[in-house]
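Nothing in this text is a laboratory measurement; each read-out follows from the coordinates by a stated rule. These numbers come from a predicted model, not from an experiment. In this analysis, Cβ positions are derived from the backbone assuming ideal geometry, glycine residues included, and neighbour counts consider all displayed protein chains.
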Amino acid sequence: MIWNEIRNLLSSESRNILGVMSGTSADGLELAVVSCLGSGKSMKVRLLEHSSVQFESSFHEEIVKTFDPSLSGVDRVNSMNFLIGKKHAAVIRSFLDTTEVKVDAIAY
């Protein structure tokens, strides 16, 4: 998004935002689409859709190995960064393909 589009989105009366989070357990993703009406202290937020997606155990194990300095180095961290990004993108795409809700922005 370019800055003009971001400014327009922030100043619009209504917008739908997809929030994505992976906790410290690194075993999956939480996704939630919220409707934001208004702005500032008077903003009204309403949950529209949500999903919890668990990663395959083998993928989770590979992430956890990255936490251990004796099993991981710069090359492994670099590689996992790419693989985690691809996995997140696939989960988000799958979620968006199954919802009827229009999403204006994605936030981590």
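Numbers at a glance
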read-out: Computed lengthening from residue 2 to residue 76, 0.36 nm per intervening residue step minus Cα-Cα distance; value: 23.4 nm
read-out: Straight-distance crosslink candidates among lysines, where the alpha carbon sits under 27 Å from residue 87 and sequence neighbours closer than 8 are dropped; value: 65, 102
read-out: Average Cα contact separation per residue, the chain, under 8 Å, 6 or more apart, as relative contact order %; value: 30 percent
read-out: Residue 28 long-range amide H proximity, modeled H, under 5 Å; value: 23, 55
read-out: At least 27 Å along the helix axis (C-alpha) and Kyte average at least -1.0, DSSP helices within the chain; value: 74-98
read-out: Farthest positive-ward along the chain dipole, Cα basis, beta-carbon charges - from 33, 3, 74; value: 3
read-out: Mean projected area in nm² (Cα convex hull; one quarter of hull surface) for the chain; value: 8.5 nm²
